[in-house]
Amino acid sequence: MAGVNIRNIKKSYGAIEVLHGISVDIEDGEFIVIVGASGCGKSTLLRMVAGLEAITEGEIEIGGRVVNEVEPKDRDIAMVFQNYALYPHMSVYQNMAYGLKLMNLPKDEIQARVDKAADMLQIGEYLKRRPRELSGGQRQRVAMGRAIVREPSVFLFDEPLSNLDAKLRVTMRLEIRALQRRLDVTSLYVTHDQVEAMTLADRLIVLNDGYAEQIDTPLNIYENPASEFVAGFIGSPPMNFFTGDLSTDGKSIEIDSGAKIAVKDYPVGDNVGKPIRIGVRAEKLEPCSRNEAEIILKIAAVETLGSETLAHGFTDDGMAITDMENSIVVKMPGDARPTVGEELPVRVMAGGLHLFDVGTGKRVGG
Amino acid sequence: MLKRVHFNTSWLPFALVAPQIFITVVFFLWPAGQAIFQSFLLEDAFGLSTEFVWFDNFKELWADDAYTDSFSRTAFFSLMVAFLSLSIALVLAGMADRIVKFATTYRTLLIWPYAVAPVLAGALFVFMFDPTLGLVAYALDIFGYDWNHKLNGGEAMALVIMAATWKQISYNFLFFLAAMQSIPKSLLEAAAIDGAGPARRFWTIIFPLITPTTFFLLVVNIVYAFFDTFGIISAVTDGGPAGATNILVYKVYSDGFIGLDLGGSAAQSVVLMAIVIVITIIQFRYIEKKVDY
């Protein structure tokens, strides 16, 4: 059992810096998810904790001990890889026992630990099989088993579910969470899937281009994203963004199409009279009557999901179909039946407004 | 499922494979047939008369100590060449696999010897080890060792083994390196986290995973040592001294073209042919069975 302290970690490959100083204190037993788009450095960060990548600058502490120069095997960690990295020429039992043998544990102790882990993961009947005789989900379990038997202080997961199909991913996600709770071992989990990130994490680290944009609980991040990047990355469908000008009295924002959005009691600071980015989540836009409307959308596409209906629209007619990624999404009840081409008047619900600085993308106000 | 391509005209596919078939027939099947036929004949030294003698040539071979000696000599030679060239190549590949800087330079240099013709490889070693002129022989002399492969049969054997091994290392290296690089990096990383040091990782992960390649190379190397080393023997020792390096493939030549015992030589080449066939069958059998991970 141990906490992990990451202090101002940097990583460079030659002259190119890919991680620009990341700091986070992870408490014992905490489940931390590192999330970000591909190439943002999230796997690199994890591999530095594992000892598979050299640390260019900064310090990593595991259980109060600086491990910068410590070999992976002596860091008291276990890692689950994206491709599982099971030894193909060994049986499931041998895969799990490999590390224990290298620890010079007595045979009966190895047997006991493997059996216990196999029980927990329900892979007892596969112990004699080779990895290639197992399905993706079973391999995933064996990889977890190999990590568990080491009884490490820290679990590291490098996108462990991305090779599974969608349905299995949901099940395994829940299993990993339950397992981590039961073993109460500090865990770092890397993923690019924001649903995985939201559901698993005690705290999330949102990485963007080598910077930690925000480190907080999933709900706090969802409700108070620290930057436009975080707001757009976390949440599905992604948050809607507009650019507008904050009026000089700070009470409303005029967006490009001429529509006015009320600021209400949002603290706008010294941004009055300046251009500003507005973010509103799809579920915070509610259809209303024409004279209450803040924005009038022309619907360009409708997605009927059963439990909900997503209407994609634009504020003016000129938008092309190919521009769908910039469409404004309104989340409506499952029984709503908006039609393409129809005009949809909407307004921002109370507390639904997020404002971001146009230049830095940082959140304005609280 | 592979899509099958159909030709409209029936003669085209035949025309396309005809050159290859022609070459196979003229340079392989015909000489092989000739050898089999000739192995049943006894010819006088002047080539004036031939007699059909059935298996007499073969019986004579097995009764001949020189031939059975050559057999065990060949076995020793090829096992040594296969073992040495495989193990040295394995070590080199293992090291090249870990290198990051200048990796391509090392690899290129290590592959070069493969481009050297066997006779030239032999000539290189003759020059280096020549008892009167050779640099290595001179160096050995400084250490008080009197090297003379022209008189000492053991030294002659060592020399041809060295030359043949040196030539084959590149080929093995290439295959070993490719096999090692196809092992997913994460496997080795997992092993490192599990507590295995570099040597342990090599023997418990890398080596078992490249077994199919090792087996393939073992067969190829034995075939090489059996049949492709004629040039080296011819250039380095001519089978001498006193037949100490007279391996089967060289004996076929020396008995047939120097000793002019055409029937006996043909019988020897038929035996060699049988050996190749057996090795090939073993190889196909096992390689087919061998699991790929």
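The values are calculated or read from the model by the stated rules, or taken from the named source; none is laboratory data. What you see is a predicted model; the values in this text were computed from it and never measured. Note that we place each Cβ from the backbone using ideal geometry, even for glycine, and neighbour counts take in every protein chain shown. Please note that ligands, DNA and RNA were not included when accessible areas were found on the heavy atoms of the full protein model with its side chains. Shrake-Rupley method; radii C 1.70, N 1.55, O 1.52, S 1.80 Å.
Residues of segment A:154-170 that are away from every other protein chain (no Cβ under 13 Å) and part of a loop (DSSP other than H, G, I, E, B): A:Leu161, A:Ser162, A:Leu164, A:Asp165.
Close contacts from segment B:187-202, counting a first residue that is at the interface with chain A (Cβ under 7 Å from one of its Cβ atoms) and a second that is of a type in the set (Asp, Glu), with Cβ to Cβ under 9 Å and a gap of 6+ residues or different chains, come to B:Ala192/A:Glu71; B:Gly195/A:Glu71; B:Gly195/A:Asp74.
Look at segment B:130-147: where a residue is acidic (Asp, Glu) and a partner is assigned to a helix (DSSP H, G or I) and surrounded by 15 or more Cβ atoms within 10 Å (Cβ to Cβ), sitting 6+ places away or on another chain with Cβ atoms under 7 Å, you get B:Asp130/B:Ala137. In segment B:29-56, the residues that are under 18 Å from B:Val249 (Cα atoms) reach residues that are surrounded by 14 or more Cβ atoms within 10 Å (Cβ to Cβ) and hydroxyl-bearing (Ser, Thr, Tyr) with C-beta atoms within less than 8 angstrom, at least six apart or across chains, in these pairs: B:Ala35/B:Ser269; B:Ser39/B:Ser269. A Cβ distance below 8 Å, combined with a sequence gap of six or more or placement on separate chains, defines the contacts here; from segment B:149-167, residues that are polar (S, T, N, Q) reach residues that are assigned to a helix (DSSP H, G or I) in the pairs B:Thr165/B:Met80; B:Thr165/B:Val81; B:Thr165/B:Leu84; B:Thr165/B:Ser85; B:Thr165/B:Ile88. Say whether the condition of being of a type in the set (S, T, N, Q), within 22 Å of the chain's Cα centre (by Cα) and surrounded by 13 or more Cβ atoms within 10 Å (Cβ to Cβ) is met by at least one residue in segment B:71-79. Yes; the residues of segment B:71-79 include at least one that is of a type in the set (S, T, N, Q), within 22 Å of the chain's Cα centre (by Cα) and surrounded by 13 or more Cβ atoms within 10 Å (Cβ to Cβ). Regarding A:Asp245, is this residue open to solvent by 50 Å² or more (accessible area, probe 1.4 Å) and in contact (Cβ under 8 Å) with a residue 40 or more places away in the chain? So A:Asp245 does not fit the description; no.
With respect to the conditions (1) away from chain A (no Cβ under 12 Å); (2) closer than 28 Å to A:Ala85 by Cα; (3) within 25 Å of the chain's Cα centre (by Cα), B:Gly239 lacks only one, and its number is (2). At least 2 residues being crowded, with 19+ Cβ neighbours inside 10 Å is the threshold, and among the helices (runs of 4 or more DSSP H) wholly inside segment B:139-249 those reaching it are B:153-181, B:185-193, B:211-227, B:230-236. Can you spot a residue in segment A:120-129 that is surrounded by 15 or more Cβ atoms within 10 Å (Cβ to Cβ), within 14 Å of chain B (Cβ to nearest Cβ) and under 24 Å from the mean Cα position of the chain (by Cα)? The answer is no; no qualifying residue exists. Do we have B:Leu133 as within 14 Å of B:Phe176 (Cβ to Cβ) and either at pLDDT below 85 or touching a Phe, Trp or Tyr at 6+ places or on another chain (Cβ under 7 Å) (or both) here? No; evaluated as a whole, the condition is false for this residue.
Tell me yes or no: at least one residue of segment A:204-213 is of a type in the set (Phe, Trp, Tyr), open to solvent by 70 Å² or more (accessible area, probe 1.4 Å) and away from every other protein chain (no Cβ under 14 Å). Among the residues of segment A:204-213, at least one is of a type in the set (Phe, Trp, Tyr), open to solvent by 70 Å² or more (accessible area, probe 1.4 Å) and away from every other protein chain (no Cβ under 14 Å), which makes the answer yes.
From the list A:Arg173, A:Arg177, the lone residue that is on the phi < 0 side of the Ramachandran plot, part of a helix (DSSP H, G or I) and without any contact (Cβ under 8 Å) to a residue 60 or more places away in the chain is A:Arg173. Among the residues of segment A:103-115, is there at least one that is of a type in the set (A, V, I, L, M, F, W, C), away from chain B (no Cβ under 13 Å) and free of Cβ contacts under 8 Å to residues at least 40 places away in the same chain? The answer is yes; a qualifying residue exists. Filtering segment A:89-102 to residues that are within 31 Å of the chain's Cα centre (by Cα) and either surrounded by fewer than 23 Cβ atoms within 10 Å (Cβ to Cβ) or facing another protein chain (nearest Cβ under 7 Å) (or both) leaves only A:Gly99.
A single member of B:Thr24, B:Thr68 is farther than 23 Å from B:Gly239 by Cα, hydroxyl-bearing (Ser, Thr, Tyr) and in a helix (DSSP H, G or I), and it is B:Thr24. Would you please name the residue that is modelled with the lowest pLDDT, looking only at residues in segment A:241-258 that are outside any loop (DSSP other than H, G, I, E, B) and either aromatic (Phe, Trp, Tyr) or in contact with a Gly (Cβ under 7 Å, 6 or more places away or on another chain) (or both)? In this case the residue turns out to be A:Ile255.
Within segment A:208-232, being touching a strand residue (DSSP E or B) at 6+ places or on another chain (Cβ under 6 Å), closer than 26 Å to A:Ile62 by Cβ and not in a helix (DSSP H, G or I) holds for A:Gly210, A:Tyr211, A:Ala212, A:Glu213, A:Gln214, A:Ile215, A:Thr217. If you go through segment A:31-83, how many residues are small (Gly, Ala, Ser), within 13 Å of chain B (Cβ to nearest Cβ) and in a loop (DSSP other than H, G, I, E, B)? Residues meeting the conditions: 2.
Of everything in segment B:264-273, what is open to solvent by 50 Å² or more (accessible area, probe 1.4 Å) and over 12 Å from B:Phe226 (Cβ atoms)? Give them in sequence order. Selection gives nothing.
Applying the condition of being open to solvent by 50 Å² or more (accessible area, probe 1.4 Å) and among the aliphatic types (A, V, I, L, M) to segment A:270-300 and asking which residue is nearest to A:Ser252 (Cα to Cα) yields A:Val272.
In this structure, A:Ser187 does not qualify as at pLDDT below 90, within 17 Å of the chain's Cα centre (by Cα) and not in a helix (DSSP H, G or I). Only residues that are open to solvent by 40 Å² or more (accessible area, probe 1.4 Å) and hydrophobic (A, V, I, L, M, F, W, C) were counted across segment A:22-43, and they come to 1.
Number of residues in segment A:138-169 that are more than 26 Å from A:Asp76 (Cα to Cα) and either crowded, with 17+ Cβ neighbours inside 10 Å or aromatic (Phe, Trp, Tyr) (or both): the value is 2.
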